[in-house]
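Everything on this sheet refers to the single structure shown next.
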Amino acid sequence: MKLGMIAWSALAATVTLVACGGGGGGPGNPPPSFPAVIRSFTFPAGNATASPGTTAWDIVGVTTTLTDQFHSSDAYDTLRVDVTFVQDISDALPAPGQQLSSAGTELGVQVALDTDGNPATGVYSGCDPTDPLRPFEYGSDQGNDPSRLADGNYSIIDPQGGPIYQGAPNPPAEAQTSVAGHVFSQTFFLPTVGILDGAAAPKIGIAVASFNGASGSPTDCMPAGSALELFTN
């Protein structure tokens, strides 16, 4: 799996800390929560490309949110990536259990993760095909390898190029996926991709690409230009 490439520029980012949870330790109270770390990026519309008769899925925003959703230890354990499109994508994904079709009207999305924050280590490339760096260790399958999972989620592809888990539905081992209007969301359980940084919010590199059907070329990819990846903090 390699992320594709698209040329464009002008990205803006904002960072927000949001207090979440925080019960006291009494009976029936949840354990204390770390504040959510939210980072938002916006991108220009109208730069997506596609063949005639297919859909130019156009990414205009990405938001990353780090939380300790499972309260399993004193650590941030969850990353959610929200990808906003120009188009309404409510009915754009293949059905659960199905691969992307070749029609060019279905949506595939890859979210790539640089889990060590080092642009010189990894196996998957980013949006610029001329850059020799491959900073991403993991990525979500866009629906080809092997397909959208039966529970509606997607496989996480490991550094060896295959699904990190195969078997009965197991959301913590999958890229948990949902769609609402123009927004595609995937949630990753961080220990699954080898991240357990305790109370320190992990710095994870992100790249996102969109595909129209089973095409091997992305319709849009971010970041591009001078930016190699986006970071969660």
*Quick one: GLU174, GLU229, fewest Cβ neighbours within 10 Å first, how do they rank?*
GLU229, GLU174
*asked:* Can you give the local net charge around LYS203? Use residues other than it whose beta-carbon is closer than 10 angstrom to its beta-carbon, Lys and Arg +1, Asp and Glu -1.
replied: -3
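At R0 = 25 Å, how high is the FRET efficiency between ALA180 and VAL86 if r is their beta carbon distance? Nearest 0.05 is fine.
Values: r = 15 Å, r/R0 = 0.61.
Approximately 0.95, to the nearest 0.05.
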*Amide H neighbours of ARG148 under 5 Å, counting only residues 5+ apart in sequence or on other chains, H built in-plane at 1.01 Å?*
GLY97, GLN98, GLN99, LEU100
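Readers should treat all values here as calculations from the given coordinates under stated rules, not as data from a laboratory. All of these numbers come straight from a predicted model, not from anything done at the bench. Backbone-built Cβ (ideal geometry, glycine too); neighbour counts: all protein chains shown.
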